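S.K.: Shown below is the structure under consideration.
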Amino acid sequence: MPELQRDFSLREHNTFGLPAMARFAVAVRDEDDLRAALALPEGQGLPRLVLGGGSNLVLTRDFDGLVLKMAIQGRACIAQSTDAWLVEAGAGQTWHDFVAWTLEMGWPGLENLALVPGTVGAAPIQNIGAYGLEVAERFAYLRALDTASGEFVALDAAACRFGYRDSLFKQQPGRYIVTRVTFRLPRPWQPVTGYADVSRTLAERAVATPAPRDIFDAVVDIRRRKLPDPADIGNAGSFFKNPVVDAATFAALRARFPDIVGYAQPSGAWKVAAGWMIDQCGWRGRTMGQAGVHERQALVLINRGGATGADVVALSRAIQASVAERFGVTLEPEPVML
């Protein structure tokens, strides 16, 4: 039976370092723990929060409910064929450590997602992506508890309804609790180097034919140069999604702002760089209350020390308003506001 903790501080369990308390919390170390936690009489009728690394969360208040702190470990290559490795990990595994381990074991394919904060279980929920790769492109299936039926289910990529920083789990919040995730890592391995920062870093290092470790090292270096470490400065990574607009809207924006940064999509739409727009509105390095915009990356909001969730929300809304006024584009936050 998992231990029920009362009046549980969440400050150390969200990467923004925001103050909040939970009425109850339970560490979930396996699926039996999960079933037992959901059956606890103290938690009946209360809202639930499944918490991994807390890297995609803005806490604006105390949580009057039950926190399920996901701590399921374990990792293994469960099958391999001539065209792929199937590698499984528990939902509580730290994502970056898992990526590094797959390379050490000789199963590449996730290296572009190195140093993304959070846990394995959260990766498909957010459909994390970075430097030319999304989790959906390496996803096989996952195991989750369907709280509607009380049964564990296996969900493949189609069932997960992946989109840009989106999935079934965000569309139906609270229904599924992910316990294990299996990735399909293609063989033979092919490098993903189309992202400008990656190709530039490899060229600077005179790496003409990159190995998986070369890409991993390049991505780690880029992220450390451009993004603050949550261990040093509270933050939730990229705070806003890059908005997607149709071709006509992007053409009109480019006519007004010739230097605008955008990326053509297979659908014909364009993904506009949110960080560029925020920077153009003069937000980089600015502060409101105890929350601020990072000096090197305008897409990252930070806790300058003592910030509350209200500070972060106020800053984010001010940024949204200024971008909408200047560019006519709506920015959507990535983190969950609780």
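S.K.: Filter the GluC sites (Glu not before Pro) in the stretch 90-164 to those in DSSP coil with at most 16 other Cβ atoms within 10 Å of their Cβ, and list the result.
M.R.: Answer by residue number: there is no such site.
S.K.: Let me make sure I get this right: for the chain, a, b and c are the square roots of the gyration tensor eigenvalues over alpha carbons, sorted descending. Under 1.5 in a/c it's rounded, otherwise prolate if a/b > b/c, else oblate. Which is it?
M.R.: In terms of gyration-tensor shape, oblate.
S.K.: Then there is this: According to the square roots a ≥ b ≥ c of the eigenvalues of the Cα gyration tensor, what is the shape class of the stretch 198-338, taking rounded for a/c under 1.5, prolate for a/b larger than b/c otherwise, and oblate for the remainder?
M.R.: Cα axes put the stretch 198-338 in the oblate bin.
S.K.: Among rounded, prolate and oblate, which fits the stretch 105-231 when a ≥ b ≥ c are the square roots of the eigenvalues of its C-alpha gyration tensor, a/c under 1.5 means rounded, and a/b larger than b/c means prolate?
M.R.: Prolate, since a/c reaches 1.5 and a/b exceeds b/c.
S.K.: Additional query: Grab the other residues whose beta carbon is less than 10 angstrom from that of Arg223, score K and R as +1, D and E as -1, and report the net.
M.R.: For residues surrounding Arg223, the net value is 0.
S.K.: Starting with the highest mean, order 51-57, 204-210 by the number of other Cβ atoms within 10 Å, averaged over the residues of each peptide.
M.R.: Ranked by mean Cβ neighbours within 10 Å, highest first: 51-57, 204-210.
S.K.: With springs only between Cα atoms under 10 Å apart, run a GNM on the chain and tell me which of Arg143, Arg304, Arg317 wobbles the most.
M.R.: So, out of Arg143, Arg304, Arg317, the one fluctuating most is Arg317.
S.K.: Using a Gaussian network model of the chain whose springs link C-alpha atoms within less than 10 Å, name the residue from Phe239, Phe24, Phe327 with the highest mean-square fluctuation.
M.R.: Phe327
S.K.: Another question, then. Arrange the peptides 16-23, 35-42, 69-76 so that the one whose residues have, on average, the most other Cβ atoms within 10 Å appears first.
M.R.: Sorting 16-23, 35-42, 69-76 by mean packing, highest first, produces 16-23, 69-76, 35-42.
S.K.: While we're here: Taking the mean number of other Cβ atoms within 10 Å as a proxy for protection, how do you rank 305-311, 90-96, 4-10 from highest to lowest?
M.R.: Peptide ranking by packing, descending: 90-96, 305-311, 4-10.
S.K.: Which value in deg cm²/dmol, rounded to the nearest 500, describes the helix-derived mean residue ellipticity at 222 nm for the chain, given -39,500 (n - 2.57) per DSSP H run of n ≥ 4 and division by the residue count?
M.R.: Mean residue ellipticity, 222 nm, calculated: -7500 deg cm²/dmol.
S.K.: Sticking with this structure for a sec: Quick check for you: with a 1.4 Å probe and neighbouring chains kept, what is the accessible area per residue of the stretch 263-320, in Å²?
M.R.: On a per-residue basis, the stretch 263-320 sits at 41 Å².
The values are calculated or read from the model by the stated rules, or taken from the named source; none is laboratory data. Treat the numbers as computed from the prediction; the structure is a model and nothing was measured. As a convention, Cβ positions derive from the backbone with ideal geometry for all residues, glycine included, and neighbour counts pool all protein chains shown. Heavy atoms of the whole protein, side chains included, go into the accessibility calculation; ligands, DNA and RNA do not. Shrake-Rupley method; radii C 1.70, N 1.55, O 1.52, S 1.80 Å.
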